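**Student:** Below is one structure. I have some questions about it.
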Amino acid sequence: MAIKPQSLIPASYIMLVFCSFFSASLSADIHAATEDRLAIAAMLAQYSYRWDSKDSSGFADLFTFDAVMERWREGTLVENSRVVGKEAIHQYAKRSHEGRLADRQTRHHFSGLVFLELTSQTAVTENMALITHQTAEAQVAFIASSGIYRNSWQKTPNGWR
């Protein structure tokens, strides 16, 4: 049985249209995911800048209304470290900035941002942190803490939080 050349044209055309549609859709998905990754990385950078500049209100604005902030050490929740809600996070930041951190400059050095999960509406990231403090009397900053931050993100009308 011989295949006529003109019968191949419709099949080839259909395949070309399908591949073009799939390629455009895949390209749009990759573009959107890249934009989301960049937006999340930018928000994470703001965490350091707002905390370290003692901008308690700006720091709280990085969180959703029902956000939870907590510290874990060796797989155990640190006692009294759980702070629930944007307003409670704001009050925690304000107390910290005006109290225990008032006499020092903090610096949160973040590196190694990885995306554990990423959808169009949610994400989970981890990054390494090295936290330094420097008082007016100290000639050099000293390491105050280090660890891994795990953040759960939601896309909101105001961007990723």
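**Student:** Which residue, of Gly58, Gly75, is within 18 Å of Asn158 (Cα to Cα) and small (Gly, Ala, Ser)?
**Tutor:** Gly58
**Student:** Of all residues in region 128-161, which are among the basic types (Lys, Arg) and not in a strand (DSSP E or B)?
**Tutor:** Scanning region 128-161 gives a single hit, Arg161.
**Student:** Check Ser120, Ser96 and return the single one that is of a type in the set (Ser, Thr, Tyr) and over 25 Å from Ala32 (Cβ atoms).
**Tutor:** Numbers: Ser120 fails: over 25 Å from Ala32 (Cβ atoms).
Residue meeting the stated conditions: Ser96.
**Student:** Scanning for something outside any helix (DSSP H, G or I) and at pLDDT below 95, does region 4-17 turn up at least one residue? Steps first, answer last, please.
**Tutor:** Filtering region 4-17 down to residues outside any helix (DSSP H, G or I) leaves 4.
This time we only want the ones that are at pLDDT below 95, so: 4.
Yes: region 4-17 contains one or more residues that are outside any helix (DSSP H, G or I) and at pLDDT below 95.
**Student:** Further question on the same structure: When Val114 is evaluated against the numbered criteria (1) hydrophobic (A, V, I, L, M, F, W, C); (2) more than 13 Å from the chain's Cα centre (by Cα); (3) assigned to a strand (DSSP E or B), which criterion, by number, is the only one it fails?
**Tutor:** Going through the list (1) hydrophobic (A, V, I, L, M, F, W, C); (2) more than 13 Å from the chain's Cα centre (by Cα); (3) assigned to a strand (DSSP E or B), Val114 breaks only (2).
**Student:** While we're looking at this one, here's another question. Output yes when any residue across region 117-136 is modelled with pLDDT of 95 or more and either at positive phi or of a type in the set (Lys, Arg) (or both), and no when none is. Walk me through it before giving the result.
**Tutor:** We begin by selecting, within region 117-136, every residue modelled with pLDDT of 95 or more; these are 117-135.
Checking which are either at positive phi or of a type in the set (Lys, Arg) (or both) leaves us with none.
No.
**Student:** Return a yes/no flag: does region 64-83 have any residue that is under 24 Å from Arg37 (Cβ atoms), surrounded by 12 or more Cβ atoms within 10 Å (Cβ to Cβ) and in contact with a Ser or Thr (Cβ under 7 Å, 6 or more places away or on another chain).
**Tutor:** yes
**Student:** Tell me which of these Glu79 doesn't satisfy, since it passes every other one: (1) part of a loop (DSSP other than H, G, I, E, B); (2) closer than 16 Å to Trp160 by Cβ.
**Tutor:** (2)
**Student:** Does region 91-114 include one or more residues that are under 20 Å from Thr156 (Cα atoms) and not charged (D, E, K, R)?
**Tutor:** Within region 91-114, the first condition is being under 20 Å from Thr156 (Cα atoms), and the residues that meet it are none.
No, every residue in region 91-114 fails to be under 20 Å from Thr156 (Cα atoms) and not charged (D, E, K, R).
**Student:** Looking only at region 61-75, which residues are at pLDDT 95 or above and part of a strand (DSSP E or B)?
**Tutor:** Val68, Met69
**Student:** Take the residues of region 32-60 that are without any contact (Cβ under 8 Å) to a residue 12 or more places away in the chain and part of a loop (DSSP other than H, G, I, E, B): which is surrounded by the fewest Cβ atoms within 10 Å (Cβ to Cβ)?
**Tutor:** Only one residue fits best here, namely Ser53.
**Student:** Within region 74-98, track down each residue that is at positive phi and either acidic (Asp, Glu) or touching a strand residue (DSSP E or B) at 6+ places or on another chain (Cβ under 9 Å) (or both).
**Tutor:** So the first thing to find is which residues in region 74-98 are at positive phi, and the list is 74-75, 80, 85.
Within region 74-98, Glu74, Gly85 meet the criteria.
**Student:** Continuing with this model, one more query. Among residues belonging to region 66-95 that are among the small types (Gly, Ala, Ser) and touching a residue at least 24 places away in the same chain (Cβ under 8 Å), point out the one that is nearest to Ser53 (Cα to Cα). Please lay out each step first, then the result.
**Tutor:** First, the residues of region 66-95 that are among the small types (Gly, Ala, Ser): 67, 75, 81, 85, 88, 93.
Now drop any that are not touching a residue at least 24 places away in the same chain (Cβ under 8 Å), which leaves 67, 93.
Working: Ala67: 21, Ala93: 11 Å.
If we take residues in region 66-95 being among the small types (Gly, Ala, Ser) and touching a residue at least 24 places away in the same chain (Cβ under 8 Å), then Ala93 is nearest to Ser53 (Cα to Cα).
**Student:** Given the residues His109, His97, which is the only one that is in a strand (DSSP E or B), at pLDDT 95 or above and surrounded by 12 or more Cβ atoms within 10 Å (Cβ to Cβ)? Even if it seems obvious, please write down each step before you answer.
**Tutor:** On the way: His97 fails: in a strand (DSSP E or B).
Just a single option satisfies the conditions, and that option is His109.
The values are calculated or read from the model by the stated rules, or taken from the named source; none is laboratory data. Keep in mind that what you see is a predicted model, and the values were worked out from it rather than measured. Ideal geometry is used to build each Cβ from the backbone, glycine not excepted, and the neighbour counts take in all protein chains shown.
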